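Heads up: the structure comes next, in structure tokens.
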Amino acid sequence: MIARYVLTSTCLNTGTMSLTQPLRVFLQGKERIALRDEEGEIYEAPINWAQNRLEGLAPYYAKRRLGVNDKIVLHLEGSEIVLEALTTAARPARPRPTELERPKPQPPEPSPDKPEKRVRVTPYPRELIYPHKPLSSEVPAFSADLEALGFSRESSAAPWVFRAALGRRTFLLALAKFGEMEAKELLSYRQQGRVQYAAMVAGESSKAEALAEIAALRPSGLGYVSPEALQRLTKLRAAFPLGPLDVERLLREGRIDLEAIQSLEREISGVLRERSHFSAVLTLLADYSPQQVFLLADLMPMARELNLEADHLQRVLESLSNPPFLLLRRLSPGEFLMRQSVNQALADWIEYAQVMTRRLQGVHLEL
């Protein structure tokens, strides 16, 4: 026996049945299930994970003349679920003249020379017999995105727990797909101190439903994460070094969705623009020879053509005057000396980077 279910007016009006925890375990990963009633009639029932219910039961309710508070027992037999109404009012079944009666399959006659062999098979799934053992489940796609962002996966079933090791700091994040487990159960992981953050994962198309379920919790300490946003973060990491701290900042705001990613994208765009400013200034200085003195005002006409403002130009020139660059020497406010050519400076910076790389490799070998 899987479960005993008590019908409500909502169930009867919509022809549905809410997914209890045992049903969720058995139906995980399925979109439809075959239901068989006491007389062997089959009903194809779609599984609506978004609304957490089993649909297509209106014909069975009408056939058995079921009402509010009537009870149904659900048995698991192979890949089917058998329905059995316990209420006396449900006996006998009301005839359905609009449908032809399905012929019951006749059991094959046993062979005369071999006695019939009967094997008793328990109808209970392994998850119900051994509830203390974790459920095996396929690793979700968002796990690869989080691992690319610097997280390590700590669990093999829902909720999916990820660890961010940051040296002196570590935090844990528990995630579950929308419909995979109850929001209250997921939130308990954070309330018990087992993780620092917990969030429900749902696609952008299901965001409204997921946020409504999260908002129903009081107090609400559950966040929302969309797989599309994690994929966008992974792509951004190819252009700019992102990590768990950037993800944590978004978790503290309660959402990691495409809308929240937009503000982070603007920040990254600003930083990359500074890098482009640096390259543009080097291009301007390439025309100056070593030991030549120039003013900030001398560069402004060409800088404007490259969309460089005076403050951007000033910041880059100050950076080039300091270690490790030392391309310029600041003589007075707005006046600089070219120590060496840009080409020679780039060659020196490459050599410096190679020396540091070899030194670090030596340190790692000693460790």
Practice task
Identify the single condition in (1) surrounded by fewer than 19 Cβ atoms within 10 Å (Cβ to Cβ); (2) among the β-branched types (Val, Ile, Thr); (3) at pLDDT 90 or above that residue 161 does not satisfy, given that it satisfies every other one.
Solution key: (1)
Practice task
Within region 305-356, work out how many residues are out of contact with any helix residue (DSSP H, G or I) (no Cβ under 8 Å at 6 or more places or on another chain), among the aromatic types (Phe, Trp, Tyr) and either more than 17 Å from residue 275 (Cβ to Cβ) or not assigned by TED's automatic domain parsing to the domain that holds residue 287 (or both).
Solution key: 1
Handout entry: Subset of region 317-345 (residues that are loosely packed, with under 14 Cβ neighbours inside 10 Å and among the hydrophobic types (A, V, I, L, M, F, W, C))
Key = 331
Practice task
Just need a number here: residues in region 37-54 that are surrounded by fewer than 16 Cβ atoms within 10 Å (Cβ to Cβ) and closer than 25 Å to residue 180 by Cα.
Solution key: 5
Problem - Residue among 238, 280, 216, 286 that alone is more than 30 Å from residue 346 (Cα to Cα) and either under 15 Å from the mean Cα position of the chain (by Cα) or of a type in the set (A, V, I, L, M) (or both) - result: 216
Fill in the blank from the handout: Within region 138-154, the residues that are in a loop (DSSP other than H, G, I, E, B) and crowded, with 16+ Cβ neighbours inside 10 Å are 140, 149, 150, 151
Practice task
Assess whether residue 152 counts as being among the hydroxyl-bearing types (Ser, Thr, Tyr), more than 19 Å from residue 244 (Cα to Cα) and not assigned by TED's automatic domain parsing to the domain that holds residue 23.
Solution key: no
Handout entry: Verdict on residue 174 being within 12 Å of the chain's Cα centre (by Cα), assigned by TED's automatic domain parsing to the domain that holds residue 251 and surrounded by 19 or more Cβ atoms within 10 Å (Cβ to Cβ)
Key = yes
Practice task
Please enumerate the residues belonging to region 190-206 that are surrounded by fewer than 19 Cβ atoms within 10 Å (Cβ to Cβ) and not in a loop (DSSP other than H, G, I, E, B).
Solution key: 191, 204, 205, 206
Exercise for the section: Working only within region 284-302, note down all residues that are in contact (Cβ under 8 Å) with a residue 12 or more places away in the chain, within 15 Å of residue 334 (Cα to Cα) and part of a helix (DSSP H, G or I). Expected result: 285, 296, 297, 299, 300
Completion exercise
Here the qualifying pairs (Cβ atoms under 7 Å; residues six or more apart or on different chains; first in region 257-283 and free of Cβ contacts under 8 Å to residues at least 12 places away in the same chain and of a type in the set (A, V, I, L, M, F, W, C); second surrounded by fewer than 16 Cβ atoms within 10 Å (Cβ to Cβ) and assigned to a loop (DSSP other than H, G, I, E, B)) come out as none
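The values are calculated or read from the model by the stated rules, or taken from the named source; none is laboratory data. All of these numbers come straight from a predicted model, not from anything done at the bench. Cβ atoms come from the backbone with ideal geometry, glycine included; neighbour counts cover every protein chain shown.
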